[in-house]
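FYI, it's all coordinate maths here, none of it is from the lab. Bear in mind that the values here come from a model prediction, so they are computed numbers and not experimental data. Heads up, the Cβs are rebuilt from the backbone with ideal geometry, glycines too, and the neighbour counts pull from every protein chain shown.
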Amino acid sequence: MNTLRVDLGERGYPIYIGPDLLTHADLLAPMVVGTRIMVVSNETVAPLYLDRTLRAFRDFQTDSVILPDGEEYKTLETLTTVFDRLLERRHDRQTTLVALGGGVVGDIAGFAAACYQRGVAFIQIPTTLLAQVDSSVGGKTGVNHPLGKNMIGAFHQPRGVLADTDTLNTLDDRQLRAGIAEVIKYGLIRDVEFFAWLEEHVAELLARAPQALAYAIERSCRNKAEVVAEDELESGQRALLNLGHTFGHAIETGLGYGQWLHGEAVAAGMALAAHLSALEGRIADSDAERVRSLLRQAGLPTALPAGLEAKRMLALMAVDKKVLHGRIRLVLLRSIGGAVVTGDFDPALLEATLTECAGAEAVSRRGDV
């Protein structure tokens, strides 16, 4: 087991990474506030891991609520079902919510915890690669709106993160690849040695080699924890973690939530960011091709979905949390392993990027790209 810590002073918390951690009640119990637990999961994960999780909290009074599975259910309506269950079971301010699932479950459970009776504790138990390396760490919570992704939410840090790598054994290949997109992101924005390692070992990740997965998760979480500790509320460098996300969120909104997985949309977004960075002369064309090549090796898309035209993308990108004074700001590359948040780019080159990188085939439910 690897143990990291998000250093936020009194609100700091541990990240535990390793196999068979769901059996470790000794790791979970110290994260609990009070004597009552509400586990939030979904209809895919609950049949696999809910009973085991409840046994780990056997010393507490436990309840659960099961949500539908999918990005399309990351809504205020679904959030209300969590509140309904908490109120029906008369949970008070000393309860602890437990998010058992992927990024959607974690975001909804965390937002519910931020809001319920003006804030209760919560614990992250991520069961997808994307959630283990990214969304479970850092305290971003929220839901989508039809006009924009993650536009309604709050910063609310968990009491701890328990990433049981055994849960990845039941993850389908498409979800695994989507998680690898967020792993690649860390190499691109701040860890050039990790990016080079990924170029050599991406096939091992796709084959679910335990040592390679454990290393990628630990290094990704370490990068995320360091950034969050320096900029918890995204007033500065934490925004670099959004590489590819302005493009990616527009793709998800434009297609309809759930058509492409979040990691698939982010992968295409990172390829577009690299393309624009090269057009602007910030990086060499060869570096942009390295980005596309690694994404392709991971089985991820590197272009916009067919039918999502530049004009529509620009309109969707204008509804983004990084927009400032009406101007789109993007995370662009200045090198492999270095990025910058900027609104200082040529709008004509952005439009050219959206035009030149159009026309990817749809991502099927089987995971073909």
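Explain nothing, just the number: relative contact order of the chain, from Cα pairs under 8 Å at least 6 residues apart, as a whole percent.
On the way: 745 pairs, mean separation 56.4, N = 369.
Value for the chain: 15 percent.
At full extension, Val323 and Leu233 could sit 30.8 nm farther apart than now, given 0.36 nm per residue minus the alpha carbon distance. Neighbour counting of Cβ atoms within 10 Å sorts the residues Phe155, Phe195, fewest neighbours leading, into Phe155, Phe195. Cα extents for region 254-356 along the principal axes, largest to smallest and rounded to whole angstrom: 32, 30, 22. Residue-wise HN-Hα couplings along region 291-298, as the Karplus relation 6.51 cos²θ - 1.76 cosθ + 1.60 with θ = phi - 60° gives them from phi, are 4, 4, 5, 5, 4, 5, 4, 7 Hz; Gly and Pro carry x.
The amide H of Val6, built 1.01 Å from its N in the peptide plane, has Tyr13, Ile15 as neighbours under 5 Å, considering only residues 5 or more places off or on other chains.
Start at zero, step by 10 Å, and the Cα-Cα distances of region 145-205 spread as 16, 30, 40, 13 percent across the bins. If the segment from Ala315 to Glu77 were pulled out straight at 0.36 nm per residue, it would be longer than the present Cα-Cα gap by 83.1 nm. Relative contact order of region 173-356, taken over Cα pairs closer than 8 Å and 6 or more residues apart, is 28 percent. Kirkwood hydrodynamic radius of region 2-170, from the reciprocal of the average inverse Cα-Cα distance over all distinct pairs: 15.5 Å. Phi angles across region 241-257 convert, under the Karplus curve 6.51 cos²θ - 1.76 cosθ + 1.60 with θ = phi - 60°, into 3J(HN,Hα) values of 5, 8, 3, x, 7, 5, 5, x, 5, 5, 4, 4, 5, x, 6, x, 4 Hz, Gly and Pro given as x.
So what's region 310-359 giving for Cα Rg divided by 2.2 N^0.38 Å, two decimals?
Working: Rg = 11.5 Å, N = 50, 2.2 N^0.38 = 9.7 Å.
Cα Rg divided by the expected 2.2 N^0.38 Å: 1.19.
Put simply, the amide H of Gly160, placed in the peptide plane, has neighbours under 5 Å in Gln124, leaving out anything fewer than 5 places away on its chain.
In the chain, the DSSP beta bridges split such that about 40 percent are antiparallel, to the nearest 5.
Ranked highest first by the average count of other Cβ atoms within 10 Å around their residues, in what order do 297-307, 216-226 fall?
Details: 297-307: 19.9, 216-226: 21.7.
For the peptides 297-307, 216-226, the packing ranking is 216-226, 297-307.
Shape verdict for the chain, please, from the Cα gyration tensor: rounded (a/c under 1.5), prolate (a/b greater than b/c) or oblate. It comes out prolate by the Cα gyration axes.
For region 76-199, the percent of C-alpha pairs falling in each 10 Å distance bin, counted from 0 to the bin holding the largest distance, reads 13, 38, 33, 12, 3, 0. Set against the 2.2 N^0.38 Å expectation for a compact globular protein, region 173-356 has a Cα radius of gyration ratio of 0.97. In terms of other Cβ atoms within 10 Å, Val192, Val40 run from fewest to most in the order Val192, Val40.
Placing R0 at 25 angstrom, the Cβ-Cβ distance between Glu204 and Ser286 gives a FRET efficiency of 0.50 after rounding to 0.05. Remark: region 220-233, residue by residue, has Karplus-estimated 3J(HN,Hα) of 5, 5, 4, 4, 5, 4, 5, 5, 5, 4, 7, 8, 4, 9 Hz, where x stands for each Gly or Pro and the curve is 6.51 cos²θ - 1.76 cosθ + 1.60 at θ = phi - 60°.
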